[in-house]
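Here's the structure, in structure tokens; my notes come after.
Since every read-out is calculated from the coordinates, none of them should be taken as a lab result. Everything numeric in this text was worked out from a predicted model, so none of it was measured. So basically every Cβ, Gly included, is an ideal-geometry build from the backbone, and we count neighbours across all protein chains shown.
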Protein chains: 2
Amino acid sequence: MDQQIDDILQKNRNRYLKQMIEFLSIPSISSDPTHHADMRKAAQWLATDLTKGGLEHVQIMETAGHPVIYADYLKAQDKPTVLCYGHYDVQPVDPIDKWNTDPFKPVIKDNIIYGRGTSDDKGQVFMLAKMAEVILEARGELPVNLKFCFEGEEEIGSAHLDDFVDHHLDLLKADVLLVSDTTMISMDQPAVSYALRGICGLEVRLQGPKSDLHSGVYGGAVQNTLHAMIELLGSLHDKKGHVTIDGFYDQVKPLPEEERITCATLSDDEALKKELDVSSLYGEEGYSTVARIWSRPTLELNGLFGGFQGEGLKTVIPSTATAKITCRLVPDQDPALIGALIKKHLREHLPAGVKLNAELMDHAEPFSMPIDHPALKAAHNALEEAFHTKAILSQQGGSVPIVTTFHDKLGLAPILMGFGLDSENFHAPNEHFHLQNFDRGMCALIAFLFDLPKQMN
Amino acid sequence: MDQQIDDILQKNRNRYLKQMIEFLSIPSISSDPTHHADMRKAAQWLATDLTKGGLEHVQIMETAGHPVIYADYLKAQDKPTVLCYGHYDVQPVDPIDKWNTDPFKPVIKDNIIYGRGTSDDKGQVFMLAKMAEVILEARGELPVNLKFCFEGEEEIGSAHLDDFVDHHLDLLKADVLLVSDTTMISMDQPAVSYALRGICGLEVRLQGPKSDLHSGVYGGAVQNTLHAMIELLGSLHDKKGHVTIDGFYDQVKPLPEEERITCATLSDDEALKKELDVSSLYGEEGYSTVARIWSRPTLELNGLFGGFQGEGLKTVIPSTATAKITCRLVPDQDPALIGALIKKHLREHLPAGVKLNAELMDHAEPFSMPIDHPALKAAHNALEEAFHTKAILSQQGGSVPIVTTFHDKLGLAPILMGFGLDSENFHAPNEHFHLQNFDRGMCALIAFLFDLPKQMN
């Protein structure tokens with residue numbers, strides 16, 4: 001790393017962290033209407049920071065939902081343009097009683113910062129904003145053109161981003177999409193992803209008797225809605241962990257032998273068991289842990305509820321039961337088709353005495369890109385420089401639906417260069433982010449911007 | 001019915017209903033600590049009403065939980081003594097949004113009173129208190145000795161009643177136990193019960209990974225706690241509605257042919273489907289609806305929850321899942337043995353990757369009495385006089401654990417003469433009570449007190 005830039009990063013580190021904490025302290029929970037003003041506040045904070053950092057044309061741009069923040073630097077003539085994407089909204093914080101610290105009063109302990117959004121994705125959005133500021137301070141100019149597009153609805157399915165992109169095709173035109181919303185393999189092992197799982201989500205509601213019933217009076221003579229739900233959900237997997245929905249795997253390509261070996265090599269089951277505090281792992285028979293996450297589709301229950309939840313017992317037969325389901329999809333599964341197959345399965349396996357209501361919700365296409373793309377090469381070089389080790393060409397178990405949006409609408413090659421760790425509890429209590437990866441990530445991002453024009457020449 | 005008593009009932013009806021509404025308006029939810037003062041208030045209201053009605057030795061007697069109200073009339077020399085039992089506590093009101101009226105602002109519409117406790121059991125407790133007041137007003141004396149024991153913990157398992165009875169064996173000594181906490185067959189068909197199902201309840205908690213996980217990062221590679229719960233709970237019944245726990249039916253006697261016919265005759269499946277708004281009923285194969293409720297044991301899920309319950313979707317793999325289970329038991333099943341069998345089954349069927357915690361909670365022995373008991377005869381006569389039709393000798397699907405307590409500790413023959421209807425939504429939103437059964441029930445209770453000494457001579 002260039003000494004001058006390194007000095008700036010060192011000198012300003014405390015100031016950067018203070019700024020990051022300020023940003024993280026705003027509870028920008030996009031799904032919760034009571035945090036509407038906080039979403040606005042977070043957008044404003046980011047816009048102000050980008051302006052101070054030397055970016056131009058900074059705008060808070062309205063959508064039908066939460067606003068998008070746009071900024072750019074367009075003075076690098078004949079150089080590639082990088083569109084930087086991230087999101088300033090965060091997940092809800094429930095169950096709040098499981099947090100050891102206030103999710104919106106970030107604290108740093110042992111070089112780890114704790115708080116909602118530290119890892120997913122405000123911490124990393126902050127890094128994208130800072131990389132430009134640092135280079136401008138050192139050089140007075142950037143080696144590439146930059147555009148920023150930070151949305152506020154990623155955690156609620158990016159409902160208005162498609163529409164936003166459609167209406168601003170010229171404004172967002174670029175060569176490469178840089179996304180810092182993915183994870184590394186481990187603390188010292190960076191990765192650059194070339195594939196993402198897609199998603200298909202639905203809510204399933206069963207209605208039994210018109211109201212809750214006393215189990216002494218009716219118990220045994222009427223379908224218990226929870227029993228029906230268990231029977232129905234129990235029909236979705238077999239004993240080997242396979243999804244039993246007819247046609248679910250039809251579009252899934254067999255795992256290439258090479259990838260099977262890579263995945264097996266990367267799987268560290270003992271470490272994962274220890275990390276999660278479980279006595280054994282569980283998944284689809286015939287696949288290693290990493291293959292199960294990177295290359296195989298899943299159907300997961302994310303929530304299930306019905307009947308009495310209070311202390312003690314209540315002898316009711318519940319009237320309704322609800323399940324929240326999401327599938328992770330791999331190329332070339334089609335979320336709409338999978339959704340239809342699930343609904344068909346649910347209808348066909350519906351137990352007697354209950355009514356079914358299954359509603360499709362979030363969905364995202366799975367994605368992959370050619371592994372010899374020059375931008376991937378630049379990312380590799382940058383990560384190697386910052387981490388002093390070769391980056392792994394990885395896939396991601398998660399979904400970044402916007403990658404498909406930007407690819408399909410603007411032809412952008414996505415570089416998924418994230419600095420989070422899978423163990424950092426994003427979407428869960430006690431989310432955190434390792435500041436060592438803040439430091440190395442800043443180096444990597446900056447190195448990427450310097451190397452990219454060389455690779456793309 | 002005696003003309004003088006009938007006149008008093010007519011003349012005072014509006015005043016009685018006003019008093020009942022006053023009593024019902026006190027939110028005496030025993031399970032909720034925030035209603036502690038209301039429990040006290042309801043106890044005091046009842047004690048005052050019994051005193052005004054002419055009962056003696058009225059006391060609010062402390063227990064380790066909510067108090068018991070005692071009162072008596074002991075001037076009927078050489079006559080039998082009837083111990084009247086009821087409970088002044090009520091069920092919680094959730095889900096509150098399903099109520100059409102305020103559960104604690106009772107309203108009367110079309111001769112039906114709506115509110116929590118109208119049917120179970122404050123409305124009927126009120127009737128027990130009033131029957132003595134009416135006879136005393138008419139005759140200045142009662143045909144039997146009466147004792148009242150109204151507890152405040154029936155809805156939370158009568159935790160301290162056993163202890164209370166143990167400490168007051170002399171005070172509570174009697175010949176017959178009169179309980180108005182059961183139901184009639186239908187609007188015009190009264191019943192007197194000679195058997196009750198018992199209960200065995202437990203809470204089952206599964207713990208998977210130590211915190212909620214992101215389904216994109218871990219999905220497919222770790223046991224989903226909800227999937228494990230579904231597999232485990234799915235193992236409790238077979239496709240024919242039988243409970244599959246080893247030994248569950250070992251103590252259950254085969255249904256006598258006579259009872260099988262009675263139950264089949266009383267089963268009105270079409271009416272029940274309409275009442276509950278379900279397209280089909282469901283239960284153990286080989287038994288009619290009434291047999292399933294009266295004579296067969298059940299295992300029911302009363303509550304189930306884990307993971308995300310908010311609006312939309314959240315891509316988590318939940319860390320924990322909880323199920324609330326109660327069994328209804330028939331003679332000669334032993335609740336402790338059944339509880340142990342369930343726990344054994346759960347341990348043996350536990351899926352990989354989760355930890356089990358199963359805790360036994362409420363339990364009550366099933367009960368039955370000889371059908372030629374003279375007090376049953378008196379109850380029959382009284383019901384026939386009040387309803388102008390023969391009462392059915394019935395069993396109850398529900399449990400009144402205190403019946404076993406009073407039988408075992410005091411040798412009391414229980415008369416379960418209730419005036420509720422199964423359709424009156426006790427333990428559910430919009431609980432109500434038909435005032436026609438208030439009127440006929442008052443007649444029946446009073447007739448019972450007059451006939452009992454004749455039958456027991």
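As a quick test, which of the pairs B:K105/B:K454; B:K98/B:K314; B:K18/B:K274 have an alpha carbon distance above 31 angstrom in this structure?
Going by Cα-Cα distance, B:K105/B:K454; B:K18/B:K274 fall outside the 31 Å limit.
Show that you can apply the helix-only estimate: for the protein assembly as shown, add -39,500 (n - 2.57) for every DSSP H stretch of four or more residues, divide by all residues, and state [θ] at 222 nm to the nearest 500.
-11000 deg cm²/dmol, from helical runs alone.
For every other residue with a beta carbon closer than 11 angstrom to the beta carbon of B:V192, add +1 if it is Lys or Arg and -1 if Asp or Glu, then tell me the sum.
Once all neighbours under 11 Å are counted, the net charge is +1.
Any aspartates and glutamates with Cα under 12 Å of the A:K409 Cα? List them, leaving off those in the same chain fewer than 8 positions away.
A:D162, A:D163, A:D166, A:D170
Tell me the relative contact order for chain A as a rounded percent, counting alpha carbon contacts under 8 Å between residues six or more apart.
After rounding, I find 25 percent.
Quick one: length gained pulling B:H349 to B:E137 fully straight, 0.36 nm per residue minus the C-alpha distance?
Roughly 70.0 nm would be gained on extension.
Taking the range B:249-343 as the region of interest, what is the percent of Cα-Cα pairs per 5 angstrom bin, listed from the shortest bin to the one with the maximum distance?
P(r) for the range B:249-343, in whole percents per bin: 2, 10, 15, 15, 15, 12, 12, 8, 5, 3, 1, 0.
What's the Cα-based Rg to Rh of the range B:196-270, Rh via Kirkwood? Can you show the working numbers first?
Numbers: Rg = 20.2 Å, Rh = 16.9 Å.
Looking at the range B:196-270, the ratio lands at 1.19.
Test of understanding: ordering B:W294, A:W99 by Cβ neighbours within 10 Å, fewest first, what list do you get?
In order of increasing Cβ crowding within 10 Å: A:W99, B:W294.
Is the shape of the range A:1-146 best called rounded, prolate or oblate, per the rule: a/c under 1.5 gives rounded, else a/b larger than b/c gives prolate, else oblate, with a ≥ b ≥ c the square roots of the Cα gyration tensor eigenvalues?
oblate
Checking the cross-link filter: which aspartates and glutamates have an alpha carbon closer than 12 Å to that of A:K173, excluding same-chain neighbours under 8 positions apart?
A:K173 reaches A:D72.
Arrange the following residues from fewest to most other Cβ atoms within 10 Å of their Cβ: B:T118, B:T262, A:T244.
A:T244, B:T262, B:T118
Rounded to the nearest 5, what % of the DSSP beta bridges within the protein assembly as shown are antiparallel ones?
70
Hey, which lysines would be in cross-link range of A:K344, C-alpha to C-alpha under 16 Å, not counting anything within fewer than 8 residues on its own chain?
Answer for A:K344, where 16 Å is the Cα cut-off: A:K355, listed by chain and number.
Take A:D238 and A:Q4, extend 7 Å from each Cα along the Cα→Cβ direction, and tell me the distance between the two endpoints in nm.
6.5
Hey, got the average number of other protein chain Cβ atoms within 10 angstrom for residues in B:321-332?
If you average over the peptide's residues, the count of other-chain Cβ atoms is 3.
Name the residues whose placed amide hydrogens come within less than 5 Å of the amide hydrogen of A:H214, ignoring near sequence neighbours (fewer than 5 apart) on the same chain.
A:I317
How high is the relative contact order of the range A:91-216, in percent, with contacts defined as C-alpha pairs under 8 Å that are six or more residues apart?
Relative CO of the range A:91-216 lands at 14 percent.
Volume per residue, Å³, of the convex hull around the alpha-carbon atoms of the protein assembly as shown?
Looking at the protein assembly as shown, the number lands at 166 Å³ per residue.
For the range B:375-455, just the Cα atoms, rotate onto the principal axes and tell me the three extents in Å, largest first.
41, 33, 18
Let me have the relative contact order for the range A:60-142, percent, based on Cα pairs under 8 Å that are six or more residues apart.
Reported relative contact order: 27 percent.
When the Karplus curve 6.51 cos²θ - 1.76 cosθ + 1.60 is applied with θ = phi - 60°, which whole-Hz ³J(HN,Hα) does each residue of the range A:206-217 get, with x for Gly and Pro?
10, 10, x, x, 5, 9, 4, 10, 6, 6, x, 7
What number comes out for the charge environment of A:S119, summing +1 per Lys or Arg and -1 per Asp or Glu over other residues with Cβ under 12 Å away?
Details: positive: A:R116, A:K122; negative: A:D120, A:D121, A:D181, A:D422, A:E424, A:E431.
Local net charge: -4.
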